[in-house]
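The values are calculated or read from the model by the stated rules, or taken from the named source; none is laboratory data. These figures come from a predicted structure and were not determined experimentally. In this analysis, Cβ positions are derived from the backbone assuming ideal geometry, glycine residues included, and neighbour counts consider all displayed protein chains.
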Amino acid sequence: MPTYEEEHGLNSTNNNTEGERPNRLTVQQALNNFINTPTDSRNNLSNSINNSINGINNVDFNLLNQMMNSMNTILVDKSNTNNGVSNEFIDRLERVNVKQLKNDDTCPICTNEYKDDSYPLVVELPCNSKHRFDLECIVPWLKINKTCPLCRIDVTIKKELPVLVDSEEEDEDWEMYG
Amino acid sequence: MSNAQKRLLKEFKKYSNPNNKLSESIISLTPINDNNLFDWIAIINPIETIYKKGFYKLSIKLSNTYPLTPPIIKFITNESQIDRDEQITYQIPHCNIDFKTGEICLDILKIDNWSPIWTLEYSILAIIYLLNNQEPNSPLNIDFANLIKLNDKLAINSIINYYIK
């Protein structure tokens, strides 16, 4: 007569208990392994943990403050970088010829006269040819903002297309003469 | 010398030049001491506003990123007894100024709306403009904002003048 287990296609209880044993063994083995690991490596681990805890106790508050401040500035920088213009945009800004500058023209950001510098690097923004700034002054601003300090217009909106068209026309010219 | 220091020195020279007149509402605008250009005091008498009888003191704190970041400007409300000036009114009821801390809620002094071409003088003038153009929909002083909303001029003026020395 078939047993209950055979009728239901189950393994016998014997097999089950045998199946459990290896499991218990593996747990035991893992424990043994941990206990038997060389004490050196375990000491290393606890030492390094202790060191880091002591390190925290020894840090003086000035240093901690400095770290917090620098972290804050990094965070501010990071959150702002997304809002600024690309480096290519800055490179493509229109330079203003020194001859076009009057003697008393000043940079609105630093309020210094351009001609104070014997070789002034002045750029104009695409929004208006009168919106001129020292390159040195406008770059840090444009890296965190896309707007013109004078009129708040997004400086990245215009310009892009005409520049592309120009380069295409140039290409065509070359082909015609080639 | 950092860019911020250069710019602040230039502003300092401009404001201390007797030939260059500041707005009549600005009585003084100077650094607290000559060694530190990042800490200024302004005294205002906002003659063209409903606060015209009062003299108010503002603290202006600047960071090394000025003028790329705005100055932090507050009305001084908690001057220590020793430094108190009898001429100055330390309580200013205004719906966009925190009555206890003197904090000012003004959009152009927030980093997103600031522009580096503005100077300390412009910033102070903007605050004086705010005195007569209260914005009760974003209040720091809710009780006073209610009076402004009700447009109860008698109550508004009485409260302002109650505190003025």
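Buried (at least 18 other Cβ atoms within 10 Å of the Cβ) and assigned to a loop (DSSP other than H, G, I, E, B): is that true of residue B:92 in this structure? Considered against the rule, which asks whether it is buried (at least 18 other Cβ atoms within 10 Å of the Cβ) and assigned to a loop (DSSP other than H, G, I, E, B), residue B:92 comes out as yes. One residue stands out in region A:106-141 among those that are within 14 Å of chain B (Cβ to nearest Cβ) and over 33 Å from the mean Cα position of the chain (by Cα): the one that is nearest to residue B:6 (Cα to Cα), namely A:112. Against the definition (in contact with an Asp or Glu (Cβ under 7 Å, 6 or more places away or on another chain), more than 14 Å from chain A (Cβ to nearest Cβ), modelled with pLDDT under 95 and under 19 Å from residue B:51 (Cα atoms)), how does residue B:165 come out, yes or no? Spelling it out, residue B:165 is indeed in contact with an Asp or Glu (Cβ under 7 Å, 6 or more places away or on another chain), more than 14 Å from chain A (Cβ to nearest Cβ), modelled with pLDDT under 95 and under 19 Å from residue B:51 (Cα atoms). Of all the listed residues (B:8, B:37), the sole one being surrounded by 15 or more Cβ atoms within 10 Å (Cβ to Cβ), away from chain A (no Cβ under 14 Å) and of a type in the set (A, V, I, L, M, F, W, C) is B:37. Picking from residues in region B:11-34 that are surrounded by 15 or more Cβ atoms within 10 Å (Cβ to Cβ) and within 14 Å of chain A (Cβ to nearest Cβ), the one that is farthest from residue B:76 (Cα to Cα) is B:14. Quick check, is residue B:100 out of contact with any strand residue (DSSP E or B) (no Cβ under 7 Å at 6 or more places or on another chain), away from chain A (no Cβ under 14 Å), part of a loop (DSSP other than H, G, I, E, B) and of a type in the set (Lys, Arg)? Against the criterion (out of contact with any strand residue (DSSP E or B) (no Cβ under 7 Å at 6 or more places or on another chain), away from chain A (no Cβ under 14 Å), part of a loop (DSSP other than H, G, I, E, B) and of a type in the set (Lys, Arg)), residue B:100 qualifies.
Counting only helices (runs of 4 or more DSSP H) wholly contained in region B:107-165, the ones carrying 3 or more residues that are β-branched (Val, Ile, Thr) occupy B:120-132, B:153-163.
For the residues B:138, B:123, B:80, the requirement of being among the polar types (S, T, N, Q) and modelled with pLDDT of 95 or more singles out B:123. When region B:95-125 is filtered for residues that are surrounded by fewer than 17 Cβ atoms within 10 Å (Cβ to Cβ) and free of Cβ contacts under 8 Å to residues at least 40 places away in the same chain, the ones remaining, listed by number, are B:100, B:101, B:103, B:107, B:108, B:112, B:113, B:122.
Scanning region B:60-81 for residues that are more than 14 Å from every other protein chain (Cβ to nearest Cβ) and in contact (Cβ under 8 Å) with a residue 40 or more places away in the chain, we see that the one that is surrounded by the most Cβ atoms within 10 Å (Cβ to Cβ) is B:62.
Can you find a residue that is closer than 30 Å to residue B:6 by Cβ and away from chain A (no Cβ under 14 Å) anywhere in region B:132-153?
So the first thing to find is which residues in region B:132-153 are closer than 30 Å to residue B:6 by Cβ, and the list is none.
No, region B:132-153 has no match at all.
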